[in-house]
Amino acid sequence: MPTYEYMCNKCEHQFEAVQSFSEAALDTCPKCKGSVRKVYNNVGVVFKGSGFYKTDSRSTSTPAPAPAKTEPKPAPKSDS
């Protein structure tokens, strides 16, 4: 269940409440019984694991392209 942060409009008391998505938002301050509002903050994202690479979404059954063929250079002529 998510944790929501609230702030009282009257006394500026800040508190958190653990609520389900279906519950109604709180509307009274537990300290002074004034009206409250939700406080929205930036969400921190933490990526755990070895990382994300551009090859993670590629299919492994696709063969790699063959290297380009190069013709051998002719041997230098010797003047003997």
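The values are calculated or read from the model by the stated rules, or taken from the named source; none is laboratory data. Everything quoted here is computed from the prediction, not taken from an experiment. Backbone-built Cβ (ideal geometry, glycine too); neighbour counts: all protein chains shown.
Numbers below:
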item	result
Entirely in the range 1-50, the strands (runs of 3 or more DSSP E) that have 2 or more residues that are basic (Lys, Arg)	36-39
Test: residue in the range 45-61 that is within 24 Å of Met1 (Cβ to Cβ), surrounded by 11 or more Cβ atoms within 10 Å (Cβ to Cβ) and modelled with pLDDT of 70 or more	no
The range 18-30 residues that are more than 13 Å from Thr3 (Cβ to Cβ) and touching a residue at least 12 places away in the same chain (Cβ under 8 Å), paired with ones that are loosely packed, with under 10 Cβ neighbours inside 10 Å and not basic (Lys, Arg) (beta carbon under 7 Å, 6 or more apart)	none
Residue check, Lys31 touching a Cys at 6+ places or on another chain (Cβ under 7 Å), modelled with pLDDT of 70 or more and not aromatic (Phe, Trp, Tyr)	yes
Search result, residues across the range 1-27 that are surrounded by 13 or more Cβ atoms within 10 Å (Cβ to Cβ), of a type in the set (Ser, Thr, Tyr) and over 23 Å from the mean Cα position of the chain (by Cα)	Tyr6
